[in-house]
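Structure first, then comments.
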């Protein structure tokens, strides 16, 4: 008979560790996520390139946001990620562990394919749960209002629901793009991290172990970001403000990628890559390291 006490304890440890990893990561890295979104939603039709508020890169964006919107603008839209990231990361890491058991295919030892498929499953699962928060976050990040003029998270959510409802034009707008983005990211992220970590020799040097985990986590986050960025651009275009009010230009995921490619060129599919890598390189390392150490701490605490 299954030992349900240990099963529930391990599930609680996985959820607690994943939630802690998400909370720490989003608090540290949110400003770069905001810059990434601003760069992805702008085009020559959004603002002319001669406009003083047009962003020419990461640091130009940070400087102009500070100049026109104030220092607090760097954390615009942080409430939805805080509300979403803790349970999202909890779901990500918890479902990854469950999918990992599913994709063992009768083997007692997980393979790189096991880690990759488990990561894909975890990414698709978390995407469905987190997409409404993403819609609200992107809407708030696209808003250039200052201070008290910026509507609250709750107000923005009510506006979206009142105008478009909960469906594909409302809180679930762009869900397929989110699934593509998260699925691809986590497939590479988990697949690379756990496969490479498994090949490294064990060491009793805690500092060396910490450094190797951070390094692998950074590379994992960077690689995953470089591969999934076109899905992220499509997601931002679908969920962000349309170029012409009242007209929906960006609809499906692939269709949005094609439009961006035809009108703005191939490199436009990689808009926001620099802040994304700056965020999810170290952010990916933060999450995996916090998860590993929190999991170890909680496991030892609740033996």
Condition first: touching a helix residue (DSSP H, G or I) at 6+ places or on another chain (Cβ under 6 Å), closer than 24 Å to residue 112 by Cβ and touching a residue at least 40 places away in the same chain (Cβ under 8 Å). Can you find one or more residues in the range 206-215 that meet it?
yes
Per the list (1) modelled with pLDDT of 90 or more; (2) within 24 Å of the chain's Cα centre (by Cα), residue check on residue 39 breaks on (1)
Please verify whether residue 106 is crowded, with 22+ Cβ neighbours inside 10 Å and on the phi > 0 side of the Ramachandran plot, treating the condition exactly as stated.
no
For the list (1) more than 15 Å from the chain's Cα centre (by Cα); (2) assigned to a helix (DSSP H, G or I), I need the number of the one condition that residue 287 fails.
(1)
Within the range 235-277, the residues that are within 14 Å of the chain's Cα centre (by Cα) and part of a helix (DSSP H, G or I) are 235, 236, 273, 275, 276, 277
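Does residue 44 qualify as being crowded, with 19+ Cβ neighbours inside 10 Å and modelled with pLDDT under 80?
Spelling it out, it is not the case that residue 44 is crowded, with 19+ Cβ neighbours inside 10 Å and modelled with pLDDT under 80.
Might you check whether a residue that is without any contact (Cβ under 8 Å) to a residue 40 or more places away in the chain and either surrounded by fewer than 23 Cβ atoms within 10 Å (Cβ to Cβ) or more than 30 Å from residue 293 (Cα to Cα) (or both) occurs anywhere in the range 169-178? Reasoning before the result, please.
Within the range 169-178, the first condition is being without any contact (Cβ under 8 Å) to a residue 40 or more places away in the chain, and the residues that meet it are 170.
Imposing the further condition that a residue be either surrounded by fewer than 23 Cβ atoms within 10 Å (Cβ to Cβ) or more than 30 Å from residue 293 (Cα to Cα) (or both) reduces the set to 170.
For the range 169-178, residues without any contact (Cβ under 8 Å) to a residue 40 or more places away in the chain and either surrounded by fewer than 23 Cβ atoms within 10 Å (Cβ to Cβ) or more than 30 Å from residue 293 (Cα to Cα) (or both): present.
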Within the range 49-82, which residues are assigned to a helix (DSSP H, G or I) and exposed (fewer than 15 other Cβ atoms within 10 Å of the Cβ)?
59, 60, 63, 66, 67, 68, 71, 72, 75
Out of the range 215-229, which residues are farther than 11 Å from residue 278 by Cα and crowded, with 21+ Cβ neighbours inside 10 Å?
216, 217, 220, 224, 228, 229
All but one of (1) surrounded by fewer than 20 Cβ atoms within 10 Å (Cβ to Cβ); (2) over 25 Å from residue 76 (Cα atoms) hold for residue 128; which doesn't?
(2)
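The values are calculated or read from the model by the stated rules, or taken from the named source; none is laboratory data. Here the structure is a predicted model, which is why all the values come from computation and not from measurement. Every residue, glycine among them, receives a Cβ derived from its backbone with ideal geometry; neighbour counts consider all protein chains shown.
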